[in-house]
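A short write-up of the structure that comes next.
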Amino acid sequence: MAAVELILLQRVEKLGQMGDVVKVKPGYARNFLLPEKKAIRANKTNLERFEQQRAQLEAQNLKRREEAERVAERVGGLSVVVIRQAGESGSLYGSVTPRDISDACTAAGLTVNRQQVVLEHPIKLLGLTKVRVVLHPEVSITVTANVARSPEEAEKQARGERVGQAAEEEEAVDEAEMFEAAGEGEQPDV
């Protein structure tokens, strides 16, 4: 299929800036850019209408960006806790989704929807994970997702302590070192 020409009404990551005329695949235009009002079809009428409204659109974009920057300053370094069931090895019995992160952020006082949460890959292990939240096409913040089995475990992870199987392995190594130090091979009475 032939590419579709569109005029971008706002900055779109990895595509272009406001006002750029871009060629994209028809499905991307039909299913994302046009319904989300991020672009309009590039024809003579729309080009003229865009040029007339350009100053107004840029002013609206600037206002939204400044608002997003203020929010980013207020909630910079936000950390959210997501409680999930997991196996002994620390593997989750599912995964943490963008909806889970957005719900946790909303509970922490930052209202975001799941489309604003960018996960490079699903979170399938316990621990701390950095997640990008896009507040505006030009403003994003990093939120730390603390995935744990319980609130107590989340507190330990936040302090930097190891939990789960890794902590048990460390304890086993510590006990082995203690046995060796106690008598070079003799096992102390426990």
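Since every read-out is calculated from the coordinates, none of them should be taken as a lab result. Please read all numbers here as calculations on a predicted model, not as lab measurements. We place every Cβ from the backbone using ideal geometry, glycine too, and count neighbours over all the protein chains shown.
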Problem - Size descriptor, Kirkwood hydrodynamic radius, that averages inverse alpha-carbon separations across region 4-74, Å - result: 12.9 Å
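Would you calculate the convex hull of the Cα atoms in the chain and tell me its volume per residue in Å³? Before the final figure, lay out each step's value.
Values: hull volume 31.1 nm³, N = 190.
Roughly 164 Å³ of hull volume per residue.
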Practice task
Starting at the first residue of region 137-149, write each ³J(HN,Hα) from the Karplus equation 6.51 cos²θ - 1.76 cosθ + 1.60 with θ = phi - 60°, in whole Hz, x for Gly and Pro.
Solution key: x, 10, 10, 9, 10, 10, 10, 8, 9, 9, 8, 9, 7
Practice task
Among Ser95, Phe32, Gly77, flag the residue with its Cα farthest along the positive direction of the charge dipole of the chain, charges on Cβ as +1 for Lys/Arg and -1 for Asp/Glu.
Solution key: Phe32
Problem - Listed pairs Lys37/Lys130; Lys130/Lys156; Lys14/Lys37 exceeding 22 Å between Cα atoms - result: Lys37/Lys130
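Determine the dipole magnitude for region 11-127: charges of +1 sit on the beta-carbon of Lys and Arg, -1 on that of Asp and Glu, nothing else is charged, the reference point is the Cα centre, and the result goes in debye to the nearest 20.
Working: 20 positive and 14 negative charges, 115 e Å.
The calculation lands at about 560 debye.
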